[in-house]
Amino acid sequence: MMNKPRIGVVGTGGISKFHFRAFRELGVPVRIVSDLRKEAAEPYAREFGAEYSSDWRRVVSHPDVDVVTVFTYTAMHYEISRAALENGKHVICEKTLTLDPVQSLELGRLAESRNLNFYTSYMKRFFPASQKAAELMPRLGHIMSVYCRTYQGQGGVNCHSGQIPPGMMPQPDGSSWIKKMAGGGVLICGGSHIFDLLLYLVGKPVSIDSRSFTRKGLDIDLMHHAIMDLPDGGVVHFEANWHPLKRIGYQGRGWDEGFEISGVNGRLILQTPVWNEPETSPALLRYYDNDAETWTDFAFPVVNPFIEAERHFIGQIEQGIQGPQDRYTGYRADYLLEMARRSAVEGKKLPLEWVV
């Protein structure tokens, strides 16, 4: 069994703070931190007694690093992750894995061929409510329908027909900041988590028929709807929306995200809190048992799923096993995202042909 794996971090933007907190709480040694912005990286380097470099290549080749963690913009994930794997490092990468499912599949295969651990950090799997939902799924029997959504409030800003926020506007080079950062709009930024949870809880759909709304003058989608067929006849209804409704959702904060899964033997209702404030409320889960004709409301503690995800990934690396989340998690979400986008562009239903 490996001692605490030594970490090298690439990218110290906003999302990295959740991961650094996990490293702090787990007592994981951080050996090197890299970001082009020295002022963003140095506080973490000082805290962990780590080296700083402006060049990510120093991280992936560092002799005292066992695991490379990638928290950069999605556009950089492929190059960094590939280089890390080629240098014999395990990899934990933020979602979405890459901008191209072909590249995501390639990374999974490379990691498998080198017997290296490779994780895409879809942290919403690590809410206790999500894990309990996965445990209860077999009790539902044949799945008839799934309703899943991510309605992400924009603080009352009506970007659909009102004033467009500056961050959504194309820059002088023709591309918006969001497009550069994530590769797309609400489908990728929000829908990726829902697609991953769909795959985790329900499994792989066999076809997808999507519609998307991109406002004139923008290069990102503001709304996306899809209907997916399940192998045994069930139907998935998906929607993602950057909306102006201030008080919807169970927290009353404009964030309305979750699942309603109906099987012939019961129903599950899962709701997740605002992504960047996960410790304000627990994720919620209700279960209806049709045989008993009873509802169960589960009470879960408030947890930070970023910490729980890192705890799991690092624990698996210590044990020398990949564990239940395989190397192709990121690929599957990226493939479903790409097919949703293509279906919307082509305006037709498309078959889903899963490689793994």
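Looking at (1) under 21 Å from the mean Cα position of the chain (by Cα); (2) outside the structural domain of Gly234 (by TED's automatic domain parsing); (3) of a type outside the set (Lys, Arg), find the lone condition where Ser113 falls short.
(1)
Name the residues in segment 56-73 that are in contact (Cβ under 8 Å) with a residue 60 or more places away in the chain and either under 15 Å from Val30 (Cβ atoms) or of a type in the set (A, V, I, L, M) (or both), would you?
Asp66, Val67, Val68, Thr69, Val70, Phe71
Only one of Asp229, Asp256, Asp289 is under 28 Å from Trp354 (Cα atoms), of a type outside the set (S, T, N, Q) and out of contact with any Leu (no Cβ under 7 Å at 6 or more places or on another chain). Can you tell me which? Please lay out each step first, then the result.
Working: Asp256 fails: under 28 Å from Trp354 (Cα atoms); Asp289 fails: under 28 Å from Trp354 (Cα atoms).
Answer to the selection: Asp229.
Which ones in segment 117-133 are surrounded by fewer than 20 Cβ atoms within 10 Å (Cβ to Cβ) and either in contact (Cβ under 8 Å) with a residue 12 or more places away in the chain or assigned by TED's automatic domain parsing to the domain that holds Ile317 (or both)?
Pro128, Lys132
So which residues in segment 59-107 are buried (at least 24 other Cβ atoms within 10 Å of the Cβ), within 17 Å of Asp334 (Cα to Cα) and of a type in the set (Gly, Ala, Ser)?
Ser81, Ser104
Please find, within segment 156-187, the residue that is farthest from Thr74 (Cα to Cα) out of those that are hydrophobic (A, V, I, L, M, F, W, C) and in a helix (DSSP H, G or I).
So the residue we want is Met168.
Of everything in segment 283-324, what is under 18 Å from Asn115 (Cα atoms), loosely packed, with under 12 Cβ neighbours inside 10 Å and among the β-branched types (Val, Ile, Thr)? Give them in sequence order.
Scanning segment 283-324 gives a single hit, Ile321.
Find all pairs meeting these conditions: Cβ atoms under 9 angstrom apart; at least six residues apart or on different chains; first residue within segment 212-236 and in the same structural domain as Cys159 (by TED's automatic domain parsing) and touching a residue at least 12 places away in the same chain (Cβ under 8 Å); second residue outside any strand (DSSP E or B) and of a type in the set (S, T, N, Q).
Cβ pairs passing all conditions: Ser212/Ser343; Arg215/Ser161; Asp219/Ser175; Ile220/Thr214; Asp221/Thr214; Leu222/Thr214; Met223/Thr214; Ala226/Ser343.
Out of (1) farther than 30 Å from Ala292 by Cα; (2) of a type in the set (Gly, Ala, Ser); (3) out of contact with any Ser or Thr (no Cβ under 9 Å at 6 or more places or on another chain), what's the single condition that is false for Ala134?
So Ala134 meets the others, but not (1).
In segment 95-128, what residues are among the charged types (D, E, K, R) and more than 20 Å from Glu318 (Cα to Cα)?
Of everything in segment 95-128, those that are among the charged types (D, E, K, R) and more than 20 Å from Glu318 (Cα to Cα) turn out to be Lys95, Asp100, Glu106, Arg109, Lys124, Arg125.
Within the set of pairs 6 or more residues apart or between chains, which connect a residue that is outside the structural domain of Pro244 (by TED's automatic domain parsing) inside segment 134-159 to a residue that is surrounded by 19 or more Cβ atoms within 10 Å (Cβ to Cβ) and in a loop (DSSP other than H, G, I, E, B) with Cβ atoms less than 6 Å apart?
none
Could you identify the single residue in Ser207, Ser192, Ser262 that is hydroxyl-bearing (Ser, Thr, Tyr), buried (at least 21 other Cβ atoms within 10 Å of the Cβ), in the same structural domain as Ser161 (by TED's automatic domain parsing) and touching a residue at least 60 places away in the same chain (Cβ under 8 Å)?
Every option except Ser192 fails the conditions.
The values are calculated or read from the model by the stated rules, or taken from the named source; none is laboratory data. Owing to the predicted nature of the structure, the values given are computational and were not obtained by experimental measurement. Glycine gets a Cβ as well: all are built from the backbone with ideal geometry, and neighbour counts include every protein chain shown.
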